[in-house]
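Heads up, the thing below is written out as structure tokens.
The values are calculated or read from the model by the stated rules, or taken from the named source; none is laboratory data. It should be emphasised that the depicted structure is a prediction, and the values quoted were computed from it without experimental measurement. Every residue, glycine as well, gets a Cβ built from its backbone with ideal geometry; the counts of neighbours run over all protein chains shown. Each accessible area value is taken on the protein alone, full model and side chains, heavy atoms only, with ligands, DNA and RNA left out. Shrake-Rupley method; radii C 1.70, N 1.55, O 1.52, S 1.80 Å.
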Amino acid sequence: MVSTPWPLPRVVVAAPASGHGKTTIATGLLAALRRRGLTVSPHKVGPDYIDPGYHALAAGRAGRNLDPFLVGADRIAGLLRHGASVPTPADIAVVEGVMGLHDGAVGRRDYASTAHVARLIDAPVLLVLDTTAQGRSAAALTLGMAAFDPAVRIGGVILNRVGSPRHETLLRDALAEVGVPVLGAVTRAAEVAAPARHLGLVPVAERAPESLAIVTALAELVEATVDLDAVLALARSAGPLTTPEWDPVDAVGGPVDAGQPRVALAGGPAFTFSYAETAELLTAAGADVVTVDPLRDPALPTGTRAVVIGGGFPEAYAEALAGNTTLRAELADFDGPIVAECAGLLYLGRSLDGVPMCGRLDLTARMTGRLTLGYRDAVAVTDSPVALSGEPVRGHEFHRTTTDPGHGDRSAWRWNDTEHGFVSGRVHASYLHTHWAGHPEAARRLVEACR
């Protein structure tokens, strides 16, 4: 595909480690730049679903993920270009990193790290530093982060949690010694935080009014403490994007001759984990994609031929989900294909922490104190509406629940010499979160299965 180079201004917001304030600064930047009248494209490195929700609220368009492990390094620049083009071309892209700048997938050096993505999209890095207990050492830390990989360009620093004007002067002087400009300084007293839960921040959809207030406060914080003109200048220093834009129609090979079947995607506060590309790929494959909220909708949309239920926090809404008895009964008897990930798996079981669910799968689920987290190299065990037996797929686990049994007689996946998930009739359910841009044939197969 021939592609015209696009001089898209872009910047990656990174940090030496988690907890330095990346989400605060990235979300505030998105909102502040939008308040300036700019069209801003929000992106997040890694498999995170919650931060992109805050990004979307701040930018007014879908927050999108850039994850080389899940979709392949060769697709990252194209996905960035796609996200920055839909629904209208953006004036600037802001990419929030994950963990520490150089922290990649375990055992794979810096693969899928923020530094890796910054190289793939040829973007400068804006480093956020928690300076709570640091003085001149902040300069040494910044210098080390930059020298560790000379291919990653740290173009500026934002000082976070600065204790006093004297502290700020000390930090600025130290960073001037190593030639790294300070583009902003946020005091400890001014910091704004979003509410947290056992898997991270509380999703935007669960606290819409409060989330909007947080984003507004973050915009005001960044406007007051960050040199936005300097950030824009840094973003404009990125070279042109020469990689062709990712195209969902090309990815799925065009629409399936299946009569535009209606596919319902679970949404609402209980099921907030979904990548924007999932609906785009299904639409490109010929589906009529609609949303169903299991908390509020008493039935599937009329004419639904397939259902996709992604992740979220059903444990926080178990009683309300149980109370929607008509939808639970319909899903228990639904004869079309159903694809469920993590929260969707729990919802399809008999019960969650003793509260009745759909009963479509013969399993019970409960919360535990143990976090299961990490990338997975999986292989499909059973033919299903989204994968053929033996097909390799990369995914991610992120949950504090367990099911009994741990997998069905016909399991969905195998990794680490263990079987996982359930394939029962036309249902495919497991804990594995996948990004369909990495295996777009899943969307095509699901639409084909509607026939």
Whose amide H sits under 5 Å from the amide H of residue 384, counting only residues 5 or more places off or on another chain, with H placed in the peptide plane? 389
About its Cα centre, how strong a charge dipole does the chain have in debye, to the nearest 20, once Lys and Arg get +1 and Asp and Glu get -1 at the Cβ? 560 debye
List every DSSP H helix in the chain whose Cα atoms extend 20 Å or more along the helix's own long axis and whose mean Kyte-Doolittle hydropathy is at least -0.5. 208-225
Rounded to the nearest 5, what % of the DSSP beta bridges within the chain are antiparallel ones? 40 percent
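How long are the three semi-axes of the equivalent ellipsoid for region 204-330, computed from the Cα gyration tensor as the root of 5 times each eigenvalue, in whole Å, largest first?
Here the semi-axes work out to 35, 27, 9 Å.
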To the nearest 0.05, how large is the calculated FRET efficiency for residue 73 and residue 404 if R₀ is 35 Å and r is the Cβ-Cβ distance? 0.40
Distance in nm between residue 319 and residue 290 label points, each 7 Å along Cα→Cβ, equals 3.1 nm
Once Lys and Arg get +1 and Asp and Glu get -1 on their Cβ, which of 384, 83, 436 lies farthest toward the positive end of the dipole of the chain? 83
Among beta bridges that DSSP assigns inside region 252-347, antiparallel share in %, nearest 5: 10 percent
Cβ-defined net charge surrounding residue 258, 14 Å radius [Lys, Arg +1; Asp, Glu -1]: +2
Å² per residue, accessible surface of the chain at 1.4 Å: 38 Å²
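Find how much the distance from residue 166 to residue 210 grows on full extension, using 0.36 nm per residue of separation minus their present alpha carbon separation; answer in nm with one decimal.
The residue 166-residue 210 span can extend by a further 12.4 nm.
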Starting from 0.36 nm per residue, how many nanometres of slack lie between residue 335 and residue 247 once their C-alpha separation is accounted for? 28.5 nm
Before rounding to the nearest 500, sum -39500 (n - 2.57) across all DSSP H runs of length at least 4 in the chain and divide by the residue total; then give [θ] at 222 nm in deg cm²/dmol. -9000 deg cm²/dmol
Using only alpha carbon pairs under 8 Å that are at least six residues apart, calculate the relative contact order of the chain and give it in whole percent. 15 percent
What is the Cα centroid distance between region 315-361 and region 395-451, reported in whole angstrom? 16 Å
What ranking, highest mean first, results for peptides 362-369, 309-316, 99-106 when packing means the other Cβ atoms within 10 Å averaged over each residue? 309-316, 99-106, 362-369
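For every other residue with a beta carbon closer than 11 angstrom to the beta carbon of residue 322, add +1 if it is Lys or Arg and -1 if Asp or Glu, then tell me the sum.
Taking every other residue near residue 322 into account, the sum is -1.
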Can you give the net charge of the other residues whose Cβ lies under 11 Å from the Cβ of residue 40, counting K and R as +1 and D and E as -1? +4
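Give me the percent of accessible area attributable to carbon and sulfur for the chain, probe 1.4 angstrom. Display every interim value, and only then the final one.
Details: 8810 of 17060 Å².
Taking all protein chains in place, the chain shows 52 percent carbon and sulfur surface.
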Ranking request for peptides 289-299, 41-51, 377-387: highest mean number of other beta-carbon atoms within 10 Å first, then the rest in descending order. 41-51, 377-387, 289-299
